[in-house]
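J.: Following this message is one structure expressed as structure tokens.
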Amino acid sequence: MKENFYISFTHAVIYLLLLMVILHLHPACAYYKILKPPLDQNSKKFLDIIRFIITPQEEKIFREMPPEDRGEFIMDFWRRRDPTPGTPANEFRTQYYVRLAVADKAFRTGIPGWMTDRGRIYILLGPPTDVIKKSMGDATVEFKKGVRELSADLLEEGTRTERPTEIWIYNQYPDYFSGPLRLVFVDYESNGDYKLTTDVEVKPFSMMTYLQSDSDLIKYQLTGEIEKEESSPKILPFLDYSKWLGKIEKSDQKNYTSDCFFDIPYSAVNYKKINDLYTYNLEISIKVKNIEEKSSYQEKKQIKGMMSMAELKQLINQGSSINEKITIPLEKGTNKIYFSVRDNVHLKSLRKLDIVKIK
């Protein structure tokens, strides 16, 4: 029995010694936390105010940016929507804020008027062609199938409701909505907050204006489709990319390393045509700032490519991307990691920020 005990004890000691050697030879993973850039009050207010017209891609970019870069993003946001970029005025921005103010005053209940269903529709679609108000117990109507024209008789037909109702009628967007649009709002709680009951999707790509037919704005993600052998659509593609950190490894008692990955879609890149080939010219970079140590590290890479029209179209249609990696050093404490991609054809840059805290 004692002999077996000593054998088991010896095996346990050997196992522990081997484990210590392995841990010594192979760097351990660090305990760390990855944080996103914080939103200051001005950034929160901006996202709140333009919630109806910002696209998911734009909001994602805005949230990933360093706070100090967001001012330029806001200028670009309105610039992309300016129907007359050659003039000092931005009619889209002016109209948006006018509609916002009108909606806030006209539909205010327990919440700001522009945040209600009627406020949202007013901002996106503008004033309706006609409004029909029904008090409690009056008849409301639904269009009969196939009916396109409004009539007094039609508006008196239908089912009854025990709640206040408003019917907004839009005749100004027949192409987009395949005929007149009729929206029904019901005040279920009798508190003045009318809820939209009509099943209709109004995408936040743009306010409906006389420029509503711009097909580029209808797309959530604007892509640089190569048409007529040119890479200069009316609205240039967003310079956007995905980025992420690999595992953070410990190299010694104080220092760490991590791989930084870039994924840049070919559809987000601008191209220069040289003879019959399309070229791109990108610069990616990583800058690391350690707050406690007040140290910094920076590395850059130049990425160039050339391809035919057929090859480029295939890459865009397949959703392909340019993939790159940069390995960076990190230190204990708070590390601000600035990812950057610069498109040297379009002369545009986009920075994104990760904050890594290592204990």
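J.: Based on the Cα gyration tensor of region 242-348, what are the three equivalent ellipsoid semi-axes, each the root of five times an eigenvalue, rounded to whole Å and given largest first? Let's see the in-between values first.
T.: Values: eigenvalues 231, 37, 18 Å².
Semi-axis lengths for region 242-348 are 34, 14, 9 Å.
J.: Past 24 Å, Cα to Cα: identify those pairs from Lys294/Lys359; Lys287/Lys313; Lys247/Lys313; Lys133/Lys195; Lys250/Lys325; Lys105/Lys195, in the order given. Mind showing how you got there, number by number?
T.: Working: Lys294/Lys359 17 Å; Lys287/Lys313 33 Å; Lys247/Lys313 35 Å; Lys133/Lys195 14 Å; Lys250/Lys325 19 Å; Lys105/Lys195 17 Å.
Pairs exceeding 24 Å: Lys287/Lys313; Lys247/Lys313.
J.: How high is the FRET efficiency from Gln318 to Gln172, r the C-beta distance, R0 30 Å, rounded to 0.05? Kindly include the intermediate steps, with their values, before the conclusion.
T.: Numbers: r = 39 Å, r/R0 = 1.32.
The value I calculate is 0.15.
J.: Can you check what the net charge comes to around Asp354, using other residues whose Cβ is under 9 Å from the Cβ of Asp354 (Lys, Arg +1; Asp, Glu -1)? Write out the running numbers ahead of the final one.
T.: On the way: positive: Lys36, Lys243, Lys336, Lys352; negative: Glu64.
Once positives and negatives cancel, what remains is +3.
J.: Could you check how much of the accessible area of region 253-359 is carbon and sulfur, as a whole percent, using a 1.4 Å probe?
T.: Details: 2400 of 5360 Å².
With neighbouring chains kept in place, the figure for region 253-359 is 45 percent.
J.: Kindly provide the trypsin sites (Lys or Arg not before Pro) of region 280-347 that DSSP labels as loop, not H, G, I, E or B, and whose Cβ sees at most 15 other Cβ atoms within 10 Å.
T.: On the way: sites: Lys287, Lys289, Lys294, Lys300, Lys301, Lys304, Lys313, Lys325, Lys332, Lys336, Arg342; in loops: Lys294, Lys332.
Loop-located and lightly packed - Lys294.
J.: So what's the net charge close to Glu283: Lys and Arg +1, Asp and Glu -1, counting the other residues with Cβ under 9 Å from its Cβ?
T.: Details: positive: Lys300, Lys301, Arg342; negative: Asp343.
Counting the neighbours of Glu283, the net charge comes to +2.
J.: How do Glu189, Glu72, Glu324, Glu166 stack up against each other in accessible area, from largest to smallest, with a 1.4 angstrom probe?
T.: Correct descending sequence by accessible area is Glu189, Glu72, Glu324, Glu166.
The values are calculated or read from the model by the stated rules, or taken from the named source; none is laboratory data. The structure displayed is predicted, hence computed values, not measured ones. Don't worry about glycine lacking a Cβ; one is built from the backbone with ideal geometry, like all the others, and counts go over all protein chains shown. These area figures cover heavy atoms from the full protein model, side chains too; ligands, DNA and RNA do not enter into them. Shrake-Rupley method; radii C 1.70, N 1.55, O 1.52, S 1.80 Å.
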